[in-house]
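Q: Just dropping this structure here.
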Amino acid sequence: MPRYTYTAKSQPYETIQGEIEAESEQDVITKLTQMGYFPLYVKAKSLYLDKENIFRFRKISQKDVVLFTRQLSTLIASGVNIINALSIISKQSHNKYLKAILDDVIRRIKDGKSLSESLAAFPYLFSNLYSSMILTGETSGNLSGTLKRLTDFLEKEEEFKNSLRASLVYPLFIFVVGTLTMFVLLVFVIPRLVIMFEDMGQILPLPTRILISISDSLRNYWWVILIIVFSFIFFLRRIYRSPQGKILWDRLKLKLVILGPVILKTEISRLARTLSLLLSSGMPIMPSLEISLSIVENEILKTEVQKFKQKINEGSSLSSAFGDSRLFPEFVTSIISIGEESGSLEKSLLNIAEDNEKEVDRTLKTLTRMLEPIIILVMGLIVGFIVLSMLLPIFQINLIVR
């Protein structure tokens, strides 16, 4: 049972504070009144509400949120009321953090708040898009259908993110293994061989001297290298966190030769899919654009969407607003225009999202296939240089002996 902190008057000039267990705030007020107190302040005491950092460390994954949404949709569609549905999901959940959140949501609903308001209390878990969709479902009276569409949307988003991660795993693995191999050779293997070379008393070849210098620098000045690297990272983070720095970085990302179009198509697909979801739920275009701003990560694209809102307020259509932007391809504008004319704008936006996702997937797969041999070649050349530099003095000894 939830615990509440309270402040109440026990006598005209005496105020008391304490804690009490109750089902809801109203229950607390009733109990205090029966005890002869006059309640002044009542607040739920939750051990989890202030621990936002717990959830940032992915104690509750996106898969947990998707599963919760699908279960809630199924239960509500079966005629179970919201409180009972949340209680069933909470009891079945193996994640103690999600269980604590759901128990708190149940308490808020018992206190008279709606499901959307209760979920909005956890913005780091349930986004603005999520709570807005729930509010739309509550308003339209079709909460189960809204939850079903929201589940499909979240699953598709998670699937798209997983495909992006999967495309980069193998090249990253090769790079990490190659870097570790070079580090072990330079720091642990080469110093042992240097002792043997010094005993020879011969002038070492230039590649060997260069390699020994690099090895000595890593062993003797590793702390300087770490300071420089961490200072550089700290400096970049400070720049990125500033408004001007983030705008500059986002503009630079869009201008990259290969990754720029991939980033742009990724953002367009997310924007189009979100707009499609909101419009299909019956939300007007202006609120849909406002909510969609929260899922756009690139500041340059955010500025463009803000301009869309202003142009639509002035009487322009969505297709003309997209058409006036240089960032969005003409293909996107044409599909949106066809959707507006046929009355199926949400379907057209969904097609745009799926087309861009397929293009991004194809591009990343091609890029991955290109990166793998390039990384292997570069790492092979570096390791080959290290091995050759170690063998040259041995070849030199053989020549002298002969």
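Q: Over the chain, what relative contact order in percent results from Cα pairs under 8 Å that are six or more residues apart? Mind showing how you got there, number by number?
A: Details: 373 pairs, mean separation 55.5, N = 402.
Result for the chain is 14 percent.
Q: Pull out a ≥ b ≥ c, the square roots of the eigenvalues of the alpha-carbon gyration tensor of the range 52-156, then state rounded if a/c is under 1.5, prolate if not and a/b is larger than b/c, and oblate in the remaining case.
A: Cα axes put the range 52-156 in the rounded bin.
Q: Could I ask something else about it? Find how many whole Å separate the alpha carbon centroid of the range 207-222 from the alpha carbon centroid of the range 109-188.
A: First find each Cα centre; the distance between them is then 45 Å.
Q: Based on Cβ point charges of +1 for Lys and Arg and -1 for Asp and Glu, what charge dipole magnitude is obtained for the range 249-402 about its Cα centre, in debye rounded to the nearest 20?
A: Numbers: 17 positive and 18 negative charges, 146 e Å.
Magnitude of the dipole: close to 700 debye.
Q: Can you find, among Ser344, Phe126, Ile174, the residue sitting farthest towards the positive end of the charge dipole of the chain, where Lys and Arg contribute +1 and Asp and Glu -1 at Cβ?
A: It is Ile174.
Q: In addition: What ranking do Ser132, Ser140 get, fewest neighbouring Cβ atoms within 10 angstrom at the top?
A: On the way: Ser132 20, Ser140 13.
Sorted ascending by nearby Cβ count, the order is Ser140, Ser132.
Q: Still on this structure: Please compare each pair in Lys309/Lys358; Lys43/Lys110; Lys96/Lys148 to a cut-off of 22 Å on the Cα-Cα distance and tell me which ones are over it.
A: Lys309/Lys358; Lys96/Lys148
Q: Shifting gears a bit: For Cα pairs less than 8 Å apart in space and 6+ apart in sequence, what is the mean separation divided by the residue count of the range 74-189, i.e. the relative contact order in percent? Before the final figure, lay out each step's value.
A: Details: 57 pairs, mean separation 17.6, N = 116.
It comes to 15 percent, rounded to a whole number.
Q: Let me spell out the model: positive unit charges on the Cβ of Lys and Arg, negative unit charges on the Cβ of Asp and Glu, origin at the Cα centre of the chain. What dipole size does that give, in debye rounded to 20?
A: Working: 47 positive and 40 negative charges, 176 e Å.
About 840 debye.
Q: I would also like to ask the following. For Glu372 and Ser78 in the same chain, what is the full-extension length gain: residue separation times 0.36 nm, less their Cα-Cα distance, in nm?
A: On the way: separation 294, 0.36 × 294 = 105.84 nm, distance 5.00 nm.
This chain segment gains 100.8 nm when fully extended.
Q: Then there's this: I'd like to compare 348-359, 234-245: which one has the highest average count of other Cβ atoms within 10 Å, and what's the full order after that?
A: Numbers: 348-359: 20.2, 234-245: 10.8.
Highest to lowest by the protection proxy: 348-359, 234-245.
Q: Please give the calculated 222 nm ellipticity per residue for the chain, where each DSSP H segment of at least 4 residues contributes -39500 (n - 2.57) and the sum is spread over every residue; nearest 500 deg cm²/dmol?
A: So the calculated ellipticity at 222 nm is -24500 deg cm²/dmol.
Q: Over the range 167-298, what is the relative contact order in percent, taking alpha-carbon pairs closer than 8 angstrom and at least six residues apart? Please report the intermediate quantities before stating the final value.
A: Working: 41 pairs, mean separation 18.5, N = 132.
Once divided by the residue count of the range 167-298, the mean separation gives 14 percent.
Q: Right, another one. So how do Lys302, Lys307 line up by other beta-carbon neighbours within 10 Å, fewest first? Intermediate results must be reported in sequence, preceding the final value.
A: Numbers: Lys302 18, Lys307 13.
Ranked by crowding around the Cβ, least crowded first: Lys307, Lys302.
Q: Order these by the 10 Å Cβ neighbour count, fewest first: Glu267, Glu372. Before the final figure, lay out each step's value.
A: Values: Glu267 23, Glu372 13.
Ordered by Cβ neighbours within 10 Å, fewest first: Glu372, Glu267.
Q: Between (i) 22.2; (ii) 23.3; (iii) 26.7, which matches Kirkwood radius over Cα pairs in Å calculated for the structure shown?
A: (iii)
Q: Would you work out which of Trp222, Phe234, Thr303 lies farthest towards the positive end of the dipole of the range 183-317, given +1 charges on the beta-carbon of Lys and Arg and -1 on that of Asp and Glu, about the Cα centre?
A: Positive-end residue among those listed: Thr303.
Q: Compute the long axis of helix 206-220 from its Cα atoms, compare it with the longest principal axis of the Cα atoms of the chain, and write down the angle in degrees, 0 to 90, nearest 10.
A: 40 degrees
Every number here is computed from the coordinates shown, using simple stated rules; none is lab data. What you see is a predicted model; the values in this text were computed from it and never measured. For neighbour counting, all protein chains shown are included, and Cβ atoms are generated from backbone atoms with ideal geometry for every residue, glycine included.
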